[in-house]
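**Q** Once you've had a glance at the structure underneath, I'll fire off some questions.
Here, each number is a calculation from the coordinates, and none is a lab measurement. Because the structure is a prediction, the values reported are computed rather than measured. We place every Cβ from the backbone using ideal geometry, glycine too, and count neighbours over all the protein chains shown.
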Amino acid sequence: MKIREIELLTDSIPETEKFYSEVLGFEKINSGPGSISYRTGQSVLIFNESINLKPKYHFAFNIPCNKLIEALDWIKEKTEVIKNPDGDFITDFDNWNAKAFYFYDNNRNILEFIVRFDLNNISDKIFGTGSLESISEIGIVTDEPLKLADDLINQNQLCYFSKGPKRADFAVLGDDNGLIVISNLERNWYPTQDRAEKHYVKMILEADNKLINIEINKDFNI
């Protein structure tokens, strides 16, 4: 499964544009009244304007599996990296055969750069914004994660992530190319103490050569 596009909310388009354009140097595709979009490898990241919602999300980007340290040094020059509970910047996800690090954007969204060694996507290019391969994860928050997961599977022919987890409070759909990470409201987004919040998300997925449009929490806060 590939995440082709996600639409999120922000209370400040100007500050979001400043962070993604000037701090990270992402390639801007379009901007207009109340919206801005960026090319992130094979995916598109879109922010739409909200009013006094202070929405916070967690999402991740796949990067080449040999570029983690280089990417970490690149981010450290631009913004502060979040330490994990062990006091380290890099977290090793043994069950997923992956490693990652995290940082905040201007909205206090938790961003993640992750390498997935099973993708074997080695690159010989110097790391930069062009090294982002795709949006690899989008966090969704709901009251009943397993119910939402089963609904998405039944309606869109998706599947649970073979590497897990699948719990009442937390479930993951997709594969190493793209994951929908579903949490309840009682969990914090790793590696922070920031509680998972329910906010609007729209996404376009590609699975089995078909495009799938999904909206989550569309009646909650837009």
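**Q** Beta carbons within 10 angstrom, averaged per residue: use that to sort the peptides 177-185, 35-43, 50-58, 204-212, highest first. Kindly include the intermediate steps, with their values, before the conclusion.
**A** Details: 177-185: 21.7, 35-43: 19.7, 50-58: 16.7, 204-212: 13.9.
Sorting 177-185, 35-43, 50-58, 204-212 by mean packing, highest first, produces 177-185, 35-43, 50-58, 204-212.
**Q** Counting other beta carbons within 10 Å of each Cβ, put TYR190, TYR102 in order, fewest first.
**A** TYR190, TYR102
**Q** Counting other C-beta atoms within 10 Å, which of PHE101, PHE117 has the fewest, and how do the rest follow?
**A** Numbers: PHE101 24, PHE117 15.
Fewest to most other Cβ atoms nearby, the residues stand as PHE117, PHE101.
**Q** Of all DSSP beta bridges located in region 119-188, what percent are antiparallel, nearest 5? Walk me through the intermediate numbers first.
**A** Numbers: 8 of 13 bridges.
Once the DSSP bridges in region 119-188 are tallied, antiparallel ones form about 60 percent.
**Q** Per residue of the chain, what 222 nm ellipticity follows from adding -39500 (n - 2.57) for every DSSP H run with n ≥ 4, rounded to the nearest 500?
**A** On the way: 3 runs with 26 residues, N = 222.
Value at 222 nm, helices only: -3500 deg cm²/dmol.
**Q** Tell me the net charge near PRO55. Cut-off is 10 Å between Cβ atoms, PRO55 excluded, with +1 for each Lys or Arg and -1 for each Asp or Glu.
**A** Once all neighbours under 10 Å are counted, the net charge is +2.
**Q** Could you tally the net charge around LYS210, taking each other residue with its Cβ under 12 Å from the Cβ of LYS210, Lys/Arg +1 and Asp/Glu -1? Can you show the working numbers first?
**A** Working: positive: LYS2, ARG4; negative: GLU206, ASP208.
For residues surrounding LYS210, the net value is 0.
**Q** So, with +1 on the Cβ of K and R and -1 on the Cβ of D and E, and no other charges, what is the size of the charge dipole of the chain about its Cα centre, to the nearest 20 debye?
**A** Working: 25 positive and 36 negative charges, 24 e Å.
The dipole of the chain has a size of about 120 debye.
**Q** Report the far tail of the P(r) of region 112-163, meaning the percent of Cα-Cα pairs longer than 14 Å. Intermediate values should be presented prior to the final figure.
**A** Values: 915 of 1326 pairs.
In whole percent, the share of Cα-Cα pairs in region 112-163 beyond 14 Å is 69.
**Q** So what's the gap between the Cα centers of region 159-205 and region 128-158, to the nearest angstrom?
**A** If we compute the Cα centre of each part, the gap is 7 Å.
**Q** Ok, one more. What does the C-alpha gyration tensor say about the overall shape of region 101-222? Classify as rounded when a/c is under 1.5, otherwise prolate if a/b is larger than b/c, or oblate.
**A** Working: a/c = 1.64, a/b = 1.23, b/c = 1.33.
Taking the square roots of the gyration eigenvalues as a ≥ b ≥ c, region 101-222 is oblate.
**Q** Turning to a different aspect of this structure: Over the chain, what is the relative contact order in percent, taking alpha-carbon pairs closer than 8 angstrom and at least six residues apart? Don't jump to the answer; show the numbers that get you there.
**A** Working: 509 pairs, mean separation 54.1, N = 222.
Result for the chain is 24 percent.
**Q** How far apart, in nm, are two points set 7 Å out from the Cα along the Cα-to-Cβ line at ARG39 and at PHE93?
**A** Placing both labels 7 Å beyond Cα along the Cβ direction yields 2.7 nm.
**Q** Another question, if that's okay. In terms of Cα to Cα distance under 28 Å, which lysines are near enough to LYS166, apart from those fewer than 8 places away along the same chain?
**A** In chain and number order, the partners are LYS2, LYS56, LYS83, LYS99, LYS147, LYS198, LYS202, LYS210, LYS218.
**Q** Tell me, rounded to the nearest percent, the portion of alpha carbon pairs in the chain spaced more than 28 Å apart.
**A** The proportion of pairs with Cα distances above 28 Å equals 23 percent.
**Q** Would you kindly calculate the mean projected area, averaged across all directions, of the convex hull enclosing the Cα atoms of region 1-130, in square nanometres?
**A** Working: hull surface 33.7 nm².
The number I arrive at for region 1-130 is 8.4 nm².
**Q** Shifting gears a bit: Taking neighbour counts of Cβ atoms within 10 Å as a proxy for exposure, in what order, fewest first, do ASP118, ASP124, ASP175 appear? List each step's numbers first, then the result.
**A** Numbers: ASP118 12, ASP124 7, ASP175 18.
In order of increasing Cβ crowding within 10 Å: ASP124, ASP118, ASP175.
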